[in-house]
Amino acid sequence: MSDHDEHGGSGLKKARREAEKLGVPDARRHLFFCGDLKRAKCAGKREMLESWKHLKKRLKELRRESDLKTLATPTYCVDVCKGGPIVMVYPDGVWYGAASPANLDRIVDEHLLGGRVVEELVLSRTPEGPCGWGKSRS
């Protein structure tokens, strides 16, 4: 790959190195955490921030101790605006609500490490299997 990609400019090489450092090429899952602190409709700002910090710390510890290859990214509002904080697990297509630090521990332990969805915390799933990707829609 060229440093001066036709569409990427000279910063593309640096971006690729950063993605490599973050573990993007090896990631098996990606968690998206609804952390819109400006709107904070699904949970209080303090609760959202506490949950996000807890999730990042827990995943960092697990990456050191195990083979967990999971990324986490805060997002803006995902428009559910109830029952938060909300975390989405992809490519599994599972949306969890009530993502408090204690419930995030359950999601990490049971779902990410144990392979079992924490059904009582599920608020929704994407249709047609994991993400519905690669399937035609009517």
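What to note about this one:
- Summing Lys and Arg as +1 and Asp and Glu as -1 over all other residues whose Cβ lies under 9 Å from the Cβ of Val117 gives a net charge of -1.
- Euclidean distance of C-alpha centroids, the range 33-67 and the range 100-125, integer Å: 14 Å
- Among residues other than Glu20 with Cβ under 14 Å from its Cβ, the summed charge is +4 (Lys and Arg +1, Asp and Glu -1).
- Relative packing of peptides 25-34, 117-126, 63-72 - highest average C-beta neighbours within 10 Å first: 25-34, 117-126, 63-72
Just so you know, all these numbers are worked out from the coordinates, no wet-lab data involved. Quantities reported herein were computed from a predicted structural model and do not represent experimental measurements. As a convention, Cβ positions derive from the backbone with ideal geometry for all residues, glycine included, and neighbour counts pool all protein chains shown.
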